[in-house]
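*Asks:* Questions regarding the structure given below will be posed in turn.
The values are calculated or read from the model by the stated rules, or taken from the named source; none is laboratory data. None of these values were measured; they are calculated from a predicted model. Glycine gets a Cβ as well: all are built from the backbone with ideal geometry, and neighbour counts include every protein chain shown.
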Amino acid sequence: MFSATKISKASRVLAALGLGLVLSACASREMDGSFSGSTSQRLVTHSIDDMVRELPESFGELAGYKVWLNSYFLHDNALKGYADQRLLTELEQTYGLVRADQAEHADIALTVFYTSLATNRDNFGISIPLGFIPGVNETASLNVITLEKFHGIAEMYYYLSPLSAKAQAIKDLSKPQRGPTLQAVVRTDALGLPFITIPISNLDRHEKEGIRGHLGAE
């Protein structure tokens, strides 16, 4: 026969497991700001690339004009600098604008507000917490079935302002104009099972993008 004490302990363990299952079924979200791994780096840089490609085609009407970029973000770091250079490259190579190093030498000012240059991680599903076991890390858990989503999110909006008489003569630029909000989300997901995680999407773009095909590659 089991003693009342043993039954009570077993009940507490089962209750803890049940509570853990309920809690872990909820979604959790965290930010990854280090970008030390290849996955997080590709997520955020691909999202910046996709966002910049969403610039309106009307920028082509400004070909030959000198543009000065003035950008803002919550953190003045290397990631912001990367986004600035990617944006300027798109303006130069795709739309034919000319980069100006100073506002005094520019026809147009492009003022950009980055609202997101980051990655998110979302977990949905059921897992069993193992932290109550002596000697096991309190954050340890065993997946029953979970969907792990890892996103790179880039978002911005901008203002175009005329700086020269030539630019002021453009009908749509007679005064500062706010452009649309541009957003891009790049995803990579994985299915978490006990003792194994199965990728169900990937970030590889080399097969469908790039310039190899234009250089005579087989």
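*Asks:* Taking into account only those residues within region 126-142 that are of a type in the set (A, V, I, L, M) and outside any strand (DSSP E or B), which is nearest to Val186 (Cα to Cα)?
*Replies:* Restricting to residues being of a type in the set (A, V, I, L, M) and outside any strand (DSSP E or B), the top hit is Ala140.
*Asks:* Still on this model: If Lys80 satisfies every condition in (1) of a type in the set (D, E, K, R); (2) assigned to a helix (DSSP H, G or I); (3) modelled with pLDDT under 95 but one, which is the exception?
*Replies:* (3)
*Asks:* Need the failing condition index for Leu147 against (1) within 30 Å of Pro194 (Cα to Cα); (2) in contact with a helix residue (DSSP H, G or I) (Cβ under 6 Å, 6 or more places away or on another chain); (3) not aromatic (Phe, Trp, Tyr), just the number.
*Replies:* Every listed condition holds for Leu147 apart from (2).
*Asks:* Among the residues that make up region 102-122, is at least one of them part of a strand (DSSP E or B), modelled with pLDDT under 85 and in contact with a strand residue (DSSP E or B) (Cβ under 6 Å, 6 or more places away or on another chain)?
*Replies:* Taking every residue of region 102-122 in turn, none turns out to be part of a strand (DSSP E or B), modelled with pLDDT under 85 and in contact with a strand residue (DSSP E or B) (Cβ under 6 Å, 6 or more places away or on another chain).
*Asks:* I'd like the full set of residues that are modelled with pLDDT of 90 or more, among the small types (Gly, Ala, Ser) and surrounded by fewer than 16 Cβ atoms within 10 Å (Cβ to Cβ), limited to region 170-189.
*Replies:* The answer is none; no residue qualifies.
*Asks:* Something else: Of everything in region 95-111, what is polar (S, T, N, Q) and either in contact with a helix residue (DSSP H, G or I) (Cβ under 8 Å, 6 or more places away or on another chain) or more than 22 Å from Tyr157 (Cβ to Cβ) (or both)? Give them in sequence order.
*Replies:* Gln102
*Asks:* Would you mind telling me which numbered condition in (1) charged (D, E, K, R); (2) farther than 23 Å from Ser71 by Cβ; (3) part of a strand (DSSP E or B) Lys166 fails?
*Replies:* Answer for Lys166: the failing condition is (3).
*Asks:* Follow-up. Can you go through Leu69, Leu117, Leu97, Leu62 and tell me which one is in contact with an Asp or Glu (Cβ under 7 Å, 6 or more places away or on another chain), of a type in the set (A, V, I, L, M, F, W, C) and more than 27 Å from Phe195 (Cα to Cα)?
*Replies:* Leu69
*Asks:* Can you tell me how many residues in region 53-83 are surrounded by 17 or more Cβ atoms within 10 Å (Cβ to Cβ) and either without any contact (Cβ under 8 Å) to a residue 24 or more places away in the chain or of a type in the set (Gly, Ala, Ser) (or both)?
*Replies:* Summing the residues that are surrounded by 17 or more Cβ atoms within 10 Å (Cβ to Cβ) and either without any contact (Cβ under 8 Å) to a residue 24 or more places away in the chain or of a type in the set (Gly, Ala, Ser) (or both) in region 53-83 gives 2.
*Asks:* Is it true that Ile145 is farther than 30 Å from Ser58 by Cβ, at pLDDT below 85 and part of a strand (DSSP E or B)?
*Replies:* No.
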